[in-house]
Amino acid sequence: MLFHALFISPHLDDAVLSAGGEVARLTHDGKSACIVTVFTRAAAPVTRDAHGFIEESNEENAELLFSKRRLEDRKAAGVLGAHHVHMGFIDALFRTLPNKSEPLYPAYKQIFSGNISLNDRLLCEQIRVGLQKIKNRQTDKRVRIYAPLGVGGHVDHIITHLCVREIFPKQSIWWEDVPYRTHPIQLFKRLSEASCYNATNKLIKNTLQYSKQKLNAVRCYKSQIAKLEYSGLSDIDYYAEAYYTHVK
Ligand SMILES: [Zn+2]
C-alpha cells in the first residue's frame, strides 16, 4: 500500500506520543498514514534495568510483555486511523553482545548516553536495508517522512534518526521526542548535535482538535502509561506538537 505519510517510530509508543495529533489530522483529511516501529521485540533480560522494566510493566517475561505491547500499538494506530508496521528489531534494553550473556548497554545510563555501541553497527545496517525496502515500495516520492529528533539521547532514538536521515535525506520532518522535549537543555543539546538549530524551520502544530483522539490512542499503551506519566508526560503533549523541517 502507498502512504501519504510514514511515521518512523523507535519504540512501540513514540510516534503516537510525539506525533499522534499529526497522524490524526492527516487521516482526518483523508490521507493515508503508516506508523513504522523499528524496535518491537525483546530478548531474555540480562541487566537489572531490563528485569526492572518487565516488573514495572506487571508482566511475567519479556516475550509476553512485548507481544502485549505490539497489540497495544496496533490498537493505538487503529484509534488514529493509521496502519502499522513492526520491523522486529530488539530494544536496546535487551540487546546483548554475541555471547548473549553480557549486555550491549549495561544500564539506562549507557542507553541514554546518546553513544551508539560499535556492536550496533550491523543492526544499523539492517535497519537501513529495511527502511530502503519500505522506501522502494513508495512510488510517490512526495511521501512525508516523520521521525524523531532524538531529544533525551536514547540510543534507539538516535539510531532511528540517523538511519532515517540517511535513507530519506532532506525529506524528513523531525518531531520533538515526548516526554524528553520538556527539558530545554536536552532539546537545545540535541538540536545542535543534529545540526538542526540553524538548518531547520520549527513548526508548532496546534493539535487541540485531535487531542481527545490522541489521548485515547496513548491510553492504549496500558503497560507503559504509568511509567510515561512518571517520566513527565504532560497536558501540553496532547494539544501542541513541535516539528523541525530542513530549510529548502
Ligand atoms: Zn522511545
All-but-one check, Lys170 against (1) more than 26 Å from Asp91 (Cα to Cα); (2) touching a Ser or Thr at 6+ places or on another chain (Cβ under 7 Å); (3) charged (D, E, K, R), failing number (2)
Residue check: is Ile225 within 15 Å of the ligand (Cβ to nearest atom), without any contact (Cβ under 8 Å) to a residue 12 or more places away in the chain and either farther than 26 Å from Leu104 by Cβ or buried (at least 23 other Cβ atoms within 10 Å of the Cβ) (or both)?
yes
Could you tell me whether the stretch 83-98 includes any residue that is more than 25 Å from Ile116 (Cα to Cα) and surrounded by fewer than 21 Cβ atoms within 10 Å (Cβ to Cβ)?
yes
For the stretch 89-128, give me each residue that is assigned to a loop (DSSP other than H, G, I, E, B), modelled with pLDDT of 95 or more and among the basic types (Lys, Arg).
Arg95
Please go through the stretch 27-39 and pick out each residue that is surrounded by 23 or more Cβ atoms within 10 Å (Cβ to Cβ) and either of a type in the set (Ser, Thr, Tyr) or in a helix (DSSP H, G or I) (or both).
Thr37
Out of the residues in the stretch 136-158 that are free of Cβ contacts under 8 Å to residues at least 60 places away in the same chain and either among the aromatic types (Phe, Trp, Tyr) or within 16 Å of the ligand (Cβ to nearest atom) (or both), which is surrounded by the fewest Cβ atoms within 10 Å (Cβ to Cβ)?
Gly153
Looking only at the stretch 159-188, which residues are free of Cβ contacts under 8 Å to residues at least 24 places away in the same chain and of a type in the set (D, E, K, R)?
Arg165
The condition of being surrounded by 12 or more Cβ atoms within 10 Å (Cβ to Cβ), of a type in the set (A, V, I, L, M, F, W, C) and either in contact with a Cys (Cβ under 8 Å, 6 or more places away or on another chain) or closer than 21 Å to Ile35 by Cβ (or both) holds, among Leu215, Leu187, only for Leu215
Taking into account only those residues within the stretch 134-184 that are over 20 Å from Ser113 (Cβ atoms), of a type in the set (Lys, Arg) and not in a loop (DSSP other than H, G, I, E, B), which is farthest from the chain's Cα centre (by Cα)?
Arg137
With the requirement that a residue be closer than 13 Å to Trp174 by Cβ and more than 11 Å from the ligand (Cβ to nearest atom), what does the stretch 1-18 give you?
Phe7, Ile8
Scope the stretch 55-79; condition assigned to a helix (DSSP H, G or I), in contact (Cβ under 8 Å) with a residue 12 or more places away in the chain and more than 26 Å from Ala24 (Cβ to Cβ); matching residues:
Glu56, Ala62, Glu63, Leu65
Being in a helix (DSSP H, G or I), surrounded by 19 or more Cβ atoms within 10 Å (Cβ to Cβ) and either charged (D, E, K, R) or away from the ligand (no atom under 15 Å from the Cβ) (or both): is that true of Leu131 here?
yes
Here the residues within the stretch 18-37 that are in contact with an Asp or Glu (Cβ under 7 Å, 6 or more places away or on another chain) and not charged (D, E, K, R) are Ser18, Ala19, Gly21, Thr37
Which members of the stretch 1-23 meet the condition of being among the acidic types (Asp, Glu) and over 12 Å from Val38 (Cα atoms)?
Glu22
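The values are calculated or read from the model by the stated rules, or taken from the named source; none is laboratory data. Quantities reported herein were computed from a predicted structural model and do not represent experimental measurements. In this analysis, Cβ positions are derived from the backbone assuming ideal geometry, glycine residues included, and neighbour counts consider all displayed protein chains.
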